[in-house]
Structure formats: C-alpha cells, structure tokens
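FYI, it's all coordinate maths here, none of it is from the lab. Keep in mind the model is a prediction, meaning the values are calculated, not measured. Using ideal geometry, Cβ is built from the backbone for each residue, glycine included, and neighbour counts are taken over all protein chains shown.
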Ligand SMILES: Cc1cc2nc3c(=O)[nH]c(=O)nc-3n(C[C@H](O)[C@H](O)[C@H](O)COP(=O)(O)OP(=O)(O)OC[C@H]3O[C@@H](n4cnc5c(N)ncnc54)[C@H](O)[C@@H]3O)c2cc1C
Ligand code: FES
Ligand code: FES
C-alpha cells in the first residue's frame, strides 16, 4: 500500500492505495460516481477528469500519480439548483441522451472554454475528440458548447 | 505494478537518475502505457513529471531542443519555430486527453507501430539526449533505432531531450487512419535538404505499417544528390513501397499497404517540396 494525499473538488483526502489502483477506481471508491468506467483502457473517455488544470483520462492515471494533485470531477461544476452554463446549455440544446458520456464531456468543454472564450466548431470538435458518445451524433453537443460560450461571454460583459 | 512498494516524484533529474539506478526501478512519464503495464519485476516507480529541466522547449538560431517530458499538446501549441512535421505528428496522436498526457520520452521509449512522433523525429535526423546516474551522452536517432529504443538505452538510463536542427529540411508528415483517433495504418514523413533545384539529402521515414518507426533508406538514396523532378518522387514512392517489411494488420491487407505507401510517400515528398511552411528558404 502507498500513502497519498490529494484534493478532489476542493476537499482533501488521505488514502492508502494499491500500486496498481487507477485514479478512476479510486474516485469511484470515494463516491465520485460521475466518473465512469467505460473501457478502462483509454479508448472511450467516460473517465475524463481535470488534474492540475489538464484534461486527462483517469483510467490511464495511477492513483499514486495523483499524490499532491488537484482533481476536479463534474460534481465541482454545479448541480440542478445551480447549474454551470455548460450544464444549462447541454439541457437547453437537448445534448444529453443516456448521459453516460456527459460528465467527462462537460469537463473537456470546461477546459476548452477556460482557454478559448469563443471557440469555432473545429476547435470544439478537437477538444471533445476524446469523448465517445454512443447516443447522440455530437451535433447538439457542439451547439451546446457554443451556446455556453456565448452565455459565459455575456455574463462576463454584464459583470463589467 | 503489483509488487511496487515505492513511488517517488523527484524535482531534479539528478535525484531521478539516482533512484533509477536501483534494481527494479522504472521511469513513468505520461503513464498512458505504464498505467496499464503489469510487470511483476518492478518494485519502484520514478515519476518524471515534476522535473522542470526536462519539461521545456528551447530554441536558438540553429536548434530546437524539446524536453523528454514535453507533451504532444505542448508541442503543437508551441508558439516558436517547431518544424511543421513534428507539430503535425504530435497533433495526429489519438485524442485531446491522450495528447495532453503522452510525452516525447514515452513515445520514443515505447515505440510501438502506432507511435506517430518518432516517425517525424527520425525523418528530421534528430539527436537524442540520454542520461543515467553515471553518464550523460547524446546519440543520433538513427543509433537509437538500430534496435528497439528500449534495448539501446542502458540500465537506469533515460531520454532527457530531442534536438532538431532548424531550417535544415523542407518537411512533411502524413498520418493515414480509419478515423481521426484511430492508430495509424501508415505514417509517412519526408524531409528534403534542398540546395537550389537539387535535393542534397532526403530522409523518408514510415510508421504504422511497420513494427516501429523506420527510415526507408533506398528511397532516400534514390533522391539524394538529384535534380528535382516529379517523376523521381513517384519512383521514390514505388521504391519505398517495395523496400518495407510490412507488419500484418487485421484492418488492411498487404496489397493495400503497398499501394498506399507508394502514393503517400510521393504525396509527402511533393508536399515537403511545395508546401512546407516551416522552411521557406530555397536553400541557397
Ligand atoms: C487509447 C490510446 C490511444 C493512443 N493512440 C496513440 C496514437 O495514435 N499515436 C501515438 O503516438 N500514441 C498513442 N498513444 C500513446 C502510446 O500508446 C503510448 O502510451 C505513449 O507513447 C507512452 O508515452 P507516455 O509519456 O504516456 O509514457 P509512459 O506510459 O509513462 O511510459 C512508456 C514507457 O516509456 C518509458 N519511458 C517514459 N519516459 C521515458 C524517458 N524519458 N526515458 C526513457 N524511458 C522512458 C517508461 O518506463 C515505459 O516503459 C495512445 C495511448 C492510448 C492509451
Ligand atoms: S474508461 Fe474508457 S477511457 Fe477511461
Ligand atoms: S448521451 Fe449516451 S453516450 Fe453520450
């Protein structure tokens, strides 16, 4: 067992992990069930999280690698009562069907919008290219990210 | 991974090399293949991701030096003079999260058929910095690929950087895959050292259709020292297609591999000659 400390969505955790435990399995053991295990080998993207500002696949990160790191899952973005603009836009645009791929897709989009406040369709496609969705045709998700970007730009203008 | 008892993430290369000198220690970079690896002989993991000295991209008038822990995303976002085939190869790797994690050192050390970046580095004749607790050395990429790179590295030795001469070659990289995120069916990189209308030197490399990145020497030799002609580019494509030892690939048959190698080597040569944006000089 290896002792690690990490911060998940702003909360500190000290845990003992087996050396072959992945960050994905650790997050699920700790109750962050928005992080999905689709393939467990880097193909589907349902396990996407943000670690130290970088969007990555948590099935390809060993839990011990997360020692001292800040990890964000979709639980950090918002909830039904106080949704993030991306979450609201996904609902408004009908971009969600079964929902399995959506938590990680929202995180990938969140990183994109933090770097680029007005992305083109191609930039959105590239940012979401690690997230497989078996239900939708991606079209509404691209529209939703555009809409969220617009909402966030407007919010920022209003704040100024 | 199951017998690992120690995990370290040192801040300096010196500390990392001392840790790696011990029996059973192994380097971890982006972790995209290490996280899935199951080697019972490993007892200690040395995570290289906090070592700043191997995370930088440095340029002077002549060379660009890319640290081993630089990721694919950092390569193609680099605002300076990244040779265009290196950027294209980095961008061709799988998907955003994989590009965010996969490193230069991990790609070279792993060198499976689908690793895109090594194909560009081979074509551009990079040199590779190596370090162990006992020694620092620099070898040509051709030497790193005399066998599988992991066999050329000595025990406890890691890749620290790759260094590429700027403006030397007109270059082009092409990846052929069934989808944007699939493993390459074929990778081609053509790099031409041009003097006026003469090709002083040509280095053509392939990946995807072979076990790991390799130079296609007969095709390069056919062009080196010759006046430019499009017919020659077609012949070089045909020569390349004939001289490669193809891997068997359940997605495509041998005939397809050959036909597409001929076409894409020719296309890559044409694009290097006509459209390379990172070397605009005509090699006067
Ligand atoms: C689903 C998926 C799809 C992928 N698709 C592609 C693709 O299309 N194209 C592509 O190019 N790659 C692709 N990759 C990545 C590729 O398969 C390897 O996993 C990757 O190149 C390894 O790099 P890394 O930095 O993650 O290294 P790690 O996984 O950390 O390490 C890999 C190996 O390299 C050694 N190593 C790492 N750094 C060094 C160093 N500096 N010196 C010496 N040895 C070192 C390690 O000890 C280990 O043996 C994909 C990966 C996945 C999971
Ligand atoms: S679980 Fe499928 S990519 Fe991680
Ligand atoms: S909504 Fe079902 S997988 Fe994307």
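To one decimal place, what orientation-averaged projected area in nm² is obtained for the convex hull of the Cα set of the protein assembly as shown? Don't skip to the answer; put the middle values down first.
Numbers: hull surface 91.7 nm².
With the hull built on Cα positions only, its mean projection is 22.9 nm².
Just how many % of Cα pairs in region B:19-98 lie over 15 Å apart, if you round to the nearest whole percent? Intermediate values should be presented prior to the final figure.
Working: 2035 of 3160 pairs.
That fraction is 64 percent.
Given N residues in region A:2-75, what is its alpha carbon radius of gyration divided by 2.2 N^0.38 Å? Before the final figure, lay out each step's value.
On the way: Rg = 10.9 Å, N = 74, 2.2 N^0.38 = 11.3 Å.
Rg over 2.2 N^0.38 Å, computed on Cα atoms: 0.96.
If I take every Cα pair under 8 Å that is 6 or more residues apart in region B:25-82, average their sequence separation and divide by the length, what percent do I get for the relative contact order? Spell out each step's value before the answer.
Values: 57 pairs, mean separation 16.2, N = 58.
About 28 percent, as a whole number.
Kindly state, as a whole number, the per residue volume in cubic angstrom of the convex hull around the alpha carbon atoms of region B:117-193. Show your work: numbers first, answer last.
Numbers: hull volume 8.6 nm³, N = 77.
Convex hull volume per residue, Cα atoms: 112 Å³.
At 4 °C and 1.567 mPa s, what whole-number value in µm²/s does Stokes-Einstein give for the translational diffusion of region B:170-276, with Rh from the Kirkwood sum over Cα pairs?
Taking Rh from Cα pairs, D becomes 95 µm²/s.
Pairing the Cα long axis of helix B:230-243 with the longest principal axis of chain B, what angle in degrees results, from 0 to 90 and rounded to the nearest 10?
Approximately 50 degrees, to the nearest ten.
Counting only other chains, what is the mean number of Cβ atoms within 10 angstrom of the Cβ of each residue in peptide A:36-42? Write out the running numbers ahead of the final one.
Details: counts 0, 0, 0, 0, 1, 3, 9.
Averaged over the peptide's residues, the number is 2.
Taking every pair of alpha-carbon atoms in region A:96-160, what share in percent sits in each 10 Å bin, from 0 to the bin with the longest distance?
Reading the bins upward from 0: 22, 53, 21, 4, 0.
So what's the angle, to the nearest 10 degrees on a 0 to 90 scale, between helix A:102-115 and the longest Cα principal axis of chain A?
For helix A:102-115, the angle is close to 70 degrees.
Using only the Cα atoms of chain A, what do you get for the radius of gyration and for Dmax, in Å?
15.9, 51
Three principal axis extents, largest first, for the C-alpha atoms of region B:6-47, in Å?
Cα extents, longest axis first: 27, 21, 12 Å.
For chain B, take every pair of Cα atoms, bin their distances at 5 Å starting from 0, and report each bin as a whole percent.
1, 6, 13, 17, 18, 16, 12, 8, 5, 3, 1, 0, 0
Please pull out the direction-averaged projected area of region B:52-165, using the convex hull of its alpha-carbon atoms, in nm² to one decimal place.
Numbers: hull surface 27.1 nm².
For the Cα atoms of region B:52-165, the hull's average projected area reads 6.8 nm².
If you count, for every residue in A:21-30, the Cβ atoms of partner chains within 10 Å of its Cβ, what is the mean?
Working: counts 1, 3, 2, 1, 0, 0, 0, 0, 0, 0.
Average per residue, whole number: 1.
For chain A, what does the relative contact order come out to in percent, with C-alpha contacts under 8 Å and a separation of six or more? The partial results should precede the final answer.
Details: 262 pairs, mean separation 36.2, N = 160.
Across chain A, relative contact order equals 23 percent.
Modelled label-to-label distance, residue B:230 and residue A:91, 7 Å Cα→beta-carbon offset: nm?
5.9
To the nearest 10 degrees, how steeply does helix B:254-275 sit against the main Cα axis of chain B, on a 0 to 90 scale?
In chain B, helix B:254-275 runs at an angle near 80 degrees to the longest axis.
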